[in-house]
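The structure under discussion appears below in the form of structure tokens.
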Ligand SMILES: Nc1ncnc2c1ncn2[C@@H]1O[C@H](COP(=O)(O)OP(=O)(O)O)[C@@H](O)[C@H]1O
Ligand SMILES: [Mg+2]
């Protein structure tokens with residue numbers, strides 16, 4: 001299952017944002033999508049996941065060879081792509097348990113163990129303790145765990161996360177970082193949009209950077225970016 005984004009142009013009624021993005025996420029690969037605030041990371045992941053707005057005006061998005069650029073978010077999810085959206089977006093008036101069980105499930109690939117509520121609770125034991133609590137009463141870190149667990153419940157072959165570290169305390173960040181590294185090591189394909197470069201580089205083996213040209217301005221291994229101080233400064237102001 002490879003994600004192939006080719007020559008993608010995406011924008012809103014008021015502004016074009018992406019002007020020809022090329023991006024590939026191979027089977028089992030973990031890619032970090034970096035870029036300063038407002039460069040179009042969320043725009044890109046929403047376009048991939050079938051969420052509108054934004055609008056795709058040119059280019060293609062293929063998953064496993066099939067063009068998904070005109071599919072609905074439900075169809076994209078059924079194709080095996082799950083999104084952990086920016087800001088978590090858990091269902092506040094449902095319990096933790098209900099958040100995990102309301103999602104439409106797809107059958108796991110035969111080689112993979114299906115995700116169940118029990119498996120999510122093993123993965124994030126904190127969620128088991130909050131099983132009967134309303135999601136709105138959870139801490140930011142717990143809500144992020146729940147958003148990740150909810151995405152895993154769809155049995156994705158590609159997990160896309162949009163700024164999972166946003167607003168989290170360092171102690172929670174360590175837990176999330178460790179769990180995401182585990183998912184990556186288990187062979188799940190991951191695309192992670194982040195402002196937290198250290199976390200992204202820890203999880204991903206390859207990096208793409210969007211800049212204000214609305215294209216991929218830098219592309220290389222995580223190790224190469226770590227040692228490229230000029231690129232870090234130019235594209236990420238680090
Ligand atoms: N719903 C929207 N309508 C119009 N413009 C938007 C909308 N969402 C985002 N934008 C604009 O698109 C650009 C990219 O935003 P975004 O994809 O959220 O960036 P990032 O996720 O990298 O911070 C920004 O200039 C932002 O103001
Ligand atoms: Mg964003």
Within the stretch 186-201, residues in a helix (DSSP H, G or I) and either in contact with a strand residue (DSSP E or B) (Cβ under 9 Å, 6 or more places away or on another chain) or buried (at least 20 other Cβ atoms within 10 Å of the Cβ) (or both) come out as 197, 199, 200, 201
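Please find, within the stretch 59-79, the residue that is farthest from residue 215 (Cα to Cα) out of those that are outside any strand (DSSP E or B) and touching a strand residue (DSSP E or B) at 6+ places or on another chain (Cβ under 6 Å).
Among them, the one singled out is 79.
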Counting just the residues of the stretch 202-216 that are in a loop (DSSP other than H, G, I, E, B) and within 16 Å of ligand 1 (Cβ to nearest atom), which one comes out nearest to residue 11 (Cα to Cα)? 214
Within the stretch 31-58, work out how many residues are without any contact (Cβ under 8 Å) to a residue 60 or more places away in the chain and either part of a loop (DSSP other than H, G, I, E, B) or more than 15 Å from ligand 1 (Cβ to nearest atom) (or both). 7
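Among the residues of the stretch 148-161, is any within 16 Å of ligand 1 (Cβ to nearest atom), within 16 Å of the chain's Cα centre (by Cα), buried (at least 23 other Cβ atoms within 10 Å of the Cβ) and at pLDDT 95 or above?
Checking the stretch 148-161: at least one residue is within 16 Å of ligand 1 (Cβ to nearest atom), within 16 Å of the chain's Cα centre (by Cα), buried (at least 23 other Cβ atoms within 10 Å of the Cβ) and at pLDDT 95 or above.
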Which residue is surrounded by the fewest Cβ atoms within 10 Å (Cβ to Cβ), if the candidates are limited to the stretch 1-30 and must be part of a strand (DSSP E or B) and within 8 Å of ligand 1 (Cβ to nearest atom)? 11
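Just the residues that are within 16 Å of ligand 1 (Cβ to nearest atom) and in a strand (DSSP E or B), please, taken from the stretch 80-103.
83, 84 - these are the residues of the stretch 80-103 that are within 16 Å of ligand 1 (Cβ to nearest atom) and in a strand (DSSP E or B).
The values are calculated or read from the model by the stated rules, or taken from the named source; none is laboratory data. Owing to the predicted nature of the structure, the values given are computational and were not obtained by experimental measurement. Virtual Cβ from ideal backbone geometry, glycine too; neighbours counted across all protein chains shown.
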